[in-house]
Amino acid sequence: MSSGLKPPERLSVSEAAEKYRFLNNPGAYIGPWKNETTPYLTEVMDVLDSRDHKGCILAAPAQCGKPIWIETPIATQTGWKRLRDIHVGDMVFAADGTPTKVVIETPVFLDRQCYRITFDDGSEIVADEAHRWAVNDAWAHDPYKLVVRTTAELFGKYQITTPAGKVRYRYSIPNAKPLVLPEVELPIDPYLLGVWLGDGSRSDGYLILGNKDCDHIESQIASRGYETKRLATKGNSQGTAELVAVSRGGVSLRKFLFSEGLLGNKDIPDIYMRASESQRRDLVKGFLDTDGVVCKNGRIEIAQSDIPLQIKLYELLVSLGAKPHTDSVIPTYSYKGEKLQGKWSTTLAFSAPDASEFFTLPRHIQRREDFRAVKKERPTHSGRRFIRKIEPVDSVPVRCIGVEHEDHLFLVGEQMVPTHNTDAIINWMAHTIKCSPADFILYQTSQTVARDFSRRRVDRLFRYSPEIGKQLMSRGDADNVFDKHFTSGMMLTLSWPTINELSGRPVGKVALTDYDRMPENIDGEGSPYDLAAKRGQTFGSFAMTFAESSPGYETSNPKWLQPAGSPHEAPPCTGILALYNRGDRRRWFVPCPHCNHYFEPSFKYLDWGGISDPMEARERVVMLCPNNGCLIEPKWKADINKAGRWLREGQKISPSGVITGQGRVSNIASFWLKGPAATFISWEELVVKYIQAEQEFFNTGSQEALKSTVNTDQGEPYVPRGLGSSRLPEDLKDRADDLPEREVPANVRCLLATMDVQGNRWEVQVHGLLPGDTQGMYDVVVIDRFHIQKSERRDADGERLWVKPGTYLEDWDLVTEQVIRKTYPLADGSGRHMQIKMAACDSGGKKGVTSMAYAYWRKLKKEGLHGRFLLLKGEGSPTAPRINLTHPDSARKDRMAGARGEIPVLLLNTNKVKDQLDQMLDRTTPGGGMIRFPEWLPDHFFVELTVEQKDEKGRWVNPKSLRNESWDLLVYLIAVASHLRVEFIDWSSPPSWVAPWDDNALVFDATDGEKRFEIRQKPKYDLKKLAADLA
């Protein structure tokens, strides 16, 4: 029988994967596919070639870490290492320059989507799409606040072209601080070595110093214990120079250089590269005193034709926190009428706010200071690296490490930049091509993604799995981007979900990847899965439709309870989990290594002792066996996964591994894998990412990081915080504390007042802030609640009239006396009082209030009190930042009337801030961001905290228009606290206005009768009375 008629080999998909698929990338050979690496995929893959099912669903977490290319250099205390050679226990450097221990390492990841990130200094780093970067966002409300973004999130958003055609860059990474290293014993003083490297004779060790600088440099060398002697004066067209010999204790510099192997070989020995900061600075100062210049533009430059030496100088500057640029040129010159080329030369250029950190020569330091005096610099550009380009590159082997440092950042690359499931389809595709030929179509989320998948994944499959690649037809038009033709007659198509692409000719094998990132409905015709499944109807039992994704949709009913008879049912939501519920509902169970009882590894069983510090919590992570409470350490994860089993709904498994019970029957095999079982993310990393997301939610009110880690890391549907909350007023009242009435409780560091303007009153609430357990956390306690209702205006009977904030400016004077100037006694009985740091008031809503509020602010400005008063206004756009300080007014009447006004108004995205308040109301641990209430507050206070709820679109609403001032006033408080940057306070070293009472700038002794920082009015003089007195 000819080879062309030979029947296909009978193998399961998992068997074919191990036999034929090779994972190979340029620069690293990893080897063949191994099913034991991801044991939970074996059954999933084998179902794909089964005639018992027409569909297969896989809901699973995105198995990703934060990888970068394994060949990336990493700075260590002893020199450079490649990332592939870094292991747990090694010491690398954190962003603040301090050494930090590596505590997590992952295996090498292959076939990842990779990008080359290019910075404005020309440096480059290759990382995968999931690598997390701590960046400054120039378009954010606070452009100096570090935010964490993945490479994929940065891609396509890192620049904008203005209408004038100028390119502006959005993201930047602050320069690393100087490396912190111990002082070492050096054979030659570093300053002297730098001088010789810059202006020394390579062969005999003499120094050749310019005449105008010779005295200063000699004095610097002498101060370091060396003797100098001038031997001769040399002159040329550029001036005169002194030939200087240097010695110490009778031993010449030449002998020192010879013993270190430097004579005739200018170099910086490794011991100097990892010396202390002051020693490294001395070496650079010596070099720049002799070979550096300060240009007219203020930049410091070094021209160097010795390339190895230039590379060492570059590294030294980076290790000192500088951001050098390199420019390479080949100079040309004329000699006897002939144009010749000079030696290839490189210029290192950088900026430094303080030139004395890099020079000792007074003239260089003065030139730099003169430049700063006449031109305002942009230090942000020299103090950070802007991302100028992000471009896809061929996939390279990547891996990630985790460090012990509190900010979890480490330095990567020679520039020391600070950084932070489709395999089942690929294997099914390979099995189809080799063992079971049939037309196959793969739907990606978009045409762009399909093109990229074809080039990076499919083409690499053919290239590095030769038995699969052999099946391609040899003619030129058989291997296109979106369709591939094989010798068996099979055709492979890569497509994307549009109505035209989903309604073509019949295809027996259809796959949809990243399903929850596809449209829910295609042109009103139905879901992508249902439309794709129709393409295989004519193939009967030979058809298979496979969809895989991590969950991406929110739970539609947060009050849903697990039905007693359906323990494997997923919560109600659209997307991949809705498809999972159609099937036989299989879940992954693993045995406890201690009691052998099987359970489903889920994030809810991870325990870290409630610790809020991510790195401390990481050390405490264990899995709690839900059967007997056994503590399962992370080291057991791989072993219990190898013994794992898929169970359909209705099945049970004994400790000995025997499966019993009638499983749910469906023509769809559906699988749901939770994050703790996924191979490529550790339990520790799951917990760290969750804690960091919780802290981001607390600080910003944004749920995006939480949603991302719950969906893509934990593999669960996300329940929005506050959605459908069943909080009751009596429950909040039960939490109230026995606190003194209208006094400042112990450990309250500052007072903030917020006001809500009603038609005929101000509702006022005063709050105290207490330090949290960690930076970024703070507690709140309600100190007072009252209203301002009676004005100083009187009717005909002498009765005081009600206030009208939208009509009478004089009524606002009551705010000054009853709120801004109000103080509260400390609860320690000392007689001391605390002033209110700031009062904030809603400026919108009621007619006339805005104009009166602006007028009141101007009045306060004349009295010097405007710094203690802030106007607030809600922002309706759901995409608006959480808070945004604006100046909407303008007092100008000329052609510049549209210019920025003088009155600050804080705009707040009320939906986002209310999300944060909702979370704080659920917290009950002191120091963890909770809100405390005194028992003496009236019942209506607690009722007002429970009237708002979220609608189906996730918006906070007051459906019955009930009073909700307690809620709104706490919302304003959170916005004001963020405006004051309370979440960034280091409570171990706080500013004076939030210091402990004895050091607090706003605490004063009330018996003295004078507040601190009280504005004193200038005395007014009565000139008429003065004249009478003089007469």
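The values are calculated or read from the model by the stated rules, or taken from the named source; none is laboratory data. Everything quoted here is computed from the prediction, not taken from an experiment. Every residue, glycine as well, gets a Cβ built from its backbone with ideal geometry; the counts of neighbours run over all protein chains shown.
Some values worked out for this structure:
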{"item": "Long-range neighbours under 8 Å by Cβ, at least six apart or interchain, first residue under 16 Å from Pro182 (Cβ atoms) within region 84-95, second of a type in the set (Lys, Arg) and at pLDDT 80 or above", "result": "Met91/Lys101"}
{"item": "Hits in region 622-638 - residues which are surrounded by 12 or more Cβ atoms within 10 Å (Cβ to Cβ) and not hydrophobic (A, V, I, L, M, F, W, C)", "result": "Pro626, Asn627, Asn628, Pro634, Lys637"}
{"item": "Condition check for Arg793: modelled with pLDDT under 95 and surrounded by fewer than 16 Cβ atoms within 10 Å (Cβ to Cβ)", "result": "yes"}
{"item": "Strands (runs of 3 or more DSSP E) wholly inside region 215-313 that include at least 2 residues being surrounded by fewer than 17 Cβ atoms within 10 Å (Cβ to Cβ)", "result": "227-236, 239-248"}
{"item": "Which listed residue is in contact with a strand residue (DSSP E or B) (Cβ under 8 Å, 6 or more places away or on another chain), crowded, with 21+ Cβ neighbours inside 10 Å and among the basic types (Lys, Arg), from Arg582, Arg618", "result": "Arg618"}
{"item": "Long-range neighbours under 6 Å by Cβ, at least six apart or interchain, first residue on the phi > 0 side of the Ramachandran plot within region 490-514, second buried (at least 19 other Cβ atoms within 10 Å of the Cβ)", "result": "Asp514/Thr445; Asp514/Ser549"}
{"item": "Pairs, first within 13 Å of Glu965 (Cβ to Cβ) in region 763-784, second of a type in the set (Phe, Trp, Tyr), C-beta under 6 Å, six or more apart", "result": "Val764/Phe786; Val782/Phe933"}
{"item": "Considering residues of region 899-938 that are over 17 Å from Val780 (Cβ atoms) and basic (Lys, Arg) only, the residue farthest from the chain's Cα centre (by Cα)", "result": "Arg900"}
{"item": "Any hit, region 690-708, residues being over 26 Å from Ala140 (Cα atoms) and outside the structural domain of Asp828 (by TED's automatic domain parsing)", "result": "no"}
{"item": "Output for region 811-851, where each listed residue is of a type in the set (Gly, Ala, Ser) and surrounded by 18 or more Cβ atoms within 10 Å (Cβ to Cβ)", "result": "Ala839, Ala840, Ser843"}
{"item": "Residues of region 811-829 satisfying the condition of being under 16 Å from Ala1001 (Cα atoms) and not hydrophobic (A, V, I, L, M, F, W, C)", "result": "Arg821, Lys822, Thr823, Tyr824, Pro825"}
{"item": "Verdict on Ser541 being over 34 Å from the mean Cα position of the chain (by Cα), in the same structural domain as Lys434 (by TED's automatic domain parsing) and of a type outside the set (Phe, Trp, Tyr)", "result": "yes"}
{"item": "Residue selected from region 585-598 under the condition part of a strand (DSSP E or B) and over 34 Å from the mean Cα position of the chain (by Cα), by the criterion surrounded by the most Cβ atoms within 10 Å (Cβ to Cβ)", "result": "Arg586"}
{"item": "Residues located in region 502-519, provided they are under 37 Å from the mean Cα position of the chain (by Cα) and of a type outside the set (Val, Ile, Thr)", "result": "Ala511, Leu512, Asp514, Tyr515, Asp516, Arg517, Met518, Pro519"}
{"item": "Those strands (runs of 3 or more DSSP E) lying entirely in region 120-210 with at least 2 residues polar (S, T, N, Q)", "result": "159-161"}
{"item": "Candidates Pro601, Pro567, Pro572, Pro563, filtered to the one that is in the same structural domain as Glu704 (by TED's automatic domain parsing) and either in a strand (DSSP E or B) or under 22 Å from Glu649 (Cβ atoms) (or both)", "result": "Pro601"}
{"item": "Every pair of residues 6+ apart whose Cβ atoms lie under 7 Å, when the first sits in region 214-239 and is more than 18 Å from Ser201 (Cβ to Cβ) while the second is part of a strand (DSSP E or B) and at pLDDT 90 or above", "result": "Ala222/Thr228; Gly225/Arg248"}
{"item": "Residue tally, condition β-branched (Val, Ile, Thr), within 22 Å of Arg923 (Cα to Cα) and touching a Gly at 6+ places or on another chain (Cβ under 9 Å), over region 731-768", "result": "2"}
{"item": "Residue count, region 490-530 (criterion: acidic (Asp, Glu) and touching an Asp or Glu at 6+ places or on another chain (Cβ under 8 Å))", "result": "1"}
{"item": "Residue tally, condition in contact with a Pro (Cβ under 7 Å, 6 or more places away or on another chain), more than 20 Å from Asn521 (Cα to Cα) and buried (at least 17 other Cβ atoms within 10 Å of the Cβ), over region 545-568", "result": "0"}
{"item": "Close pairs from region 349-369: first in the same structural domain as Gln304 (by TED's automatic domain parsing), partner of a type in the set (Val, Ile, Thr) and surrounded by fewer than 21 Cβ atoms within 10 Å (Cβ to Cβ), Cβ under 6 Å, at least 6 apart", "result": "Ala355/Ile365; Ser356/Ile365; Phe359/Ile365"}
{"item": "Any strands (runs of 3 or more DSSP E) falling wholly within region 1-119 and containing at least 2 residues that are surrounded by 15 or more Cβ atoms within 10 Å (Cβ to Cβ) and modelled with pLDDT of 75 or more", "result": "55-59, 73-76, 91-93, 99-105, 114-119"}
{"item": "Pairs with Cβ under 6 Å, 6+ apart, first in region 250-274 and within 17 Å of Tyr206 (Cβ to Cβ), second among the β-branched types (Val, Ile, Thr)", "result": "Leu253/Val246; Phe256/Ile188"}
{"item": "Residue list for region 599-615, filter: over 24 Å from Glu43 (Cβ atoms), small (Gly, Ala, Ser) and surrounded by 15 or more Cβ atoms within 10 Å (Cβ to Cβ)", "result": "Ser612"}
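Okay, residues lined up against (1) of a type outside the set (S, T, N, Q); (2) more than 16 Å from Lys873 (Cβ to Cβ):
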position	(1), (2)
Asp813	yes, yes
Glu817	yes, yes
Ile820	yes, yes
His833	yes, yes
Cys841	yes, no
Gly848	yes, no
Ser851	no, no
